[in-house]
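Reading through the C-alpha cells given below for one structure.
Only the coordinates and a few stated rules stand behind these numbers; no lab work does. What you see is a predicted model, and the numbers here were worked out from it, not measured in a lab. All Cβ positions, glycine included, derive from the backbone under ideal geometry; neighbour counts span all protein chains shown.
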Amino acid sequence: MSEATGSCRCATVKYLVKNDIKMAANCHCTICRKMTGGAFASIAIVDAADMEILEGKNALTAYEVSENAVKHFCSKCGSPIYNLHKGFPGKYMIPIGSLDNPAPITPAVNIHCENMLPWVGSIMEMTNFDKAPER
Ligand SMILES: [Zn+2]
Ligand SMILES: [Zn+2]
C-alpha cells in the first residue's frame with residue numbers, strides 16, 4: 001500500500017490519498033474540457049475513505065458543474081482538487097495533475113471519446129521539445 005500527496009498551485013490546499021490509486025481515466029467530455037481548460041481531464045478515482053484534506057479546507061470552493069457533478073477547487077489559485085459525481089457514490093475524482101508525483105499513475109481508458117478533439121490521438125507525432133524552444 002502506498003500513499004500519495006497532492007496540492008494546489010499555491011500550496012494552500014494539501015491532501016493525502018491513503019491507499020494505492022487503482023483507477024484512472026482520461027475524460028474527453030465537454031464539461032471536463034471547460035473545467036480544466038485542457039483538451040481532456042486525466043482523473044484518478046479513489047475511495048472517499050482514502051482521501052484526506054490535510055490543509056486549506058477553508059480555501060476549497062464547491063461549484064455545481066452539472067446536475068451530477070460538483071467541482072472543488074482552491075479559491076486562491078483556482079487549481080482543481082477533486083470532483084464528486086452522483087454516478088460514483090463514495091468516490092472522489094482527483095485530477096492527476098494535482099498529485100505531487102503524478103508520473104506513476106497511468107490512465108487505463110479514455111471515456112467520452114465521441115467528444116475527443118481530433119488531434120489528441122497524434123500528440124506524439126507533433127514536434128516535441130524537452131523544454132520550450134528558444135525564440
Ligand atoms: Zn491554491
Ligand atoms: Zn468528463
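Using the basic label-point model (7 angstrom from Cα toward the beta carbon), what is the LEU117 to ALA11 distance in nanometres?
Here the answer is 3.0 nm between the modelled labels.
Cβ under 15 Å from ALA69's Cβ, ALA69 left aside: what net charge do those residues give with Lys, Arg +1 and Asp, Glu -1?
Result for the local shell: +3.
For the chain, what does the helix formula give at 222 nm: sum of -39500 (n - 2.57) over DSSP H segments with n ≥ 4, over the residue count, nearest 500 deg cm²/dmol?
-1500 deg cm²/dmol
Work out, step by step, the length gained on full extension between THR30 and GLU64: first 0.36 nm times the residue separation, then minus their alpha carbon distance; give nm to one decimal.
Length gained between THR30 and GLU64: 10.7 nm.
Quick one: which residues, 5 or more positions from ARG9 or on another chain, have an amide H under 5 Å from its amide H? H modelled 1.01 Å from N in the peptide plane, none for Pro or chain starts.
Result for ARG9 returns SER79.
Under 10 Å, Cα contacts only: if you run a Gaussian network model on the chain, which one of PRO102, PRO89, PRO118 comes out with the highest mean-square fluctuation?
Fluctuation is largest for PRO118.
What size of dipole, in debye to the nearest 20, comes out for the range 4-118 about its Cα centre when the only charges are +1 on Lys and Arg C-beta atoms and -1 on Asp and Glu C-beta atoms?
Rounded to the nearest 20 debye, it is 220 debye.
What is the diffusion coefficient of the range 1-75 in µm²/s, taking the Kirkwood radius over Cα pairs and the Stokes-Einstein relation at 10 °C with a viscosity of 1.306 mPa s?
Estimated via Stokes-Einstein, D reaches 117 µm²/s.
Would you look at the GNM of the chain, springs on alpha carbons closer than 10 Å, and say which of ALA62, ALA44, ALA24 moves the most?
ALA62
For MET51, which sequence-distant residues (separation of 5 or more, or a different chain) have an amide H within less than 5 Å of its own amide H, given hydrogens modelled in the peptide plane?
The answer is LYS18.
Which whole-Hz couplings ³J(HN,Hα) result when phi for each residue of the range 115-128 is put into the Karplus expression 6.51 cos²θ - 1.76 cosθ + 1.60, θ = phi - 60°, listed in order with x for Gly and Pro?
So the Karplus estimates, Gly and Pro as x, are 9, 4, 5, x, 8, 4, x, 10, 4, 7, 7, 6, 5, 10 Hz.
Under 19 Å from the Cα of LYS18, which aspartates and glutamates turn up, not counting those fewer than eight places away in the same chain?
Candidates past the 8-residue exclusion: GLU3, ASP47, ASP50, GLU52, GLU55, ASP100.
Normalised by the number of residues in the chain, what is the relative contact order in percent for Cα pairs under 8 Å and 6+ residues apart?
Dividing the mean separation by the residue count of the chain yields 29 percent.
What length, rounded to one decimal in nm, is gained on full extension from LYS131 through to VAL109, with 0.36 nm per residue of separation minus their alpha-carbon distance?
Here the segment from LYS131 to VAL109 would lengthen by 5.1 nm.
Pick from SER79, SER42, SER66: which is most flexible by mean-square fluctuation in a GNM of the chain where alpha carbon atoms under 10 Å apart are linked?
Sorting by GNM fluctuation, first place goes to SER66.
With a Cα-only, solvent-free Debye model of the range 50-114, what are the log10 I(q)/I(0) values at q = 0.12, 0.18, 0.28, 0.29 Å⁻¹?
Result of the Debye calculation: -0.35, -0.80, -1.38, -1.39.
Between the range 114-135 and the range 10-87, how far is it from one alpha carbon centroid to the other, in angstrom?
Here the answer is 25 Å between Cα centres.
Could you run the Debye sum over the Cα atoms of the chain, one equal point scatterer each and no solvent, and tell me log10 of I(q)/I(0) at q = 0.09, 0.13, 0.16, 0.18 Å⁻¹, two decimals?
Here log10 of I(q) over I(0) equals -0.28, -0.58, -0.86, -1.06.
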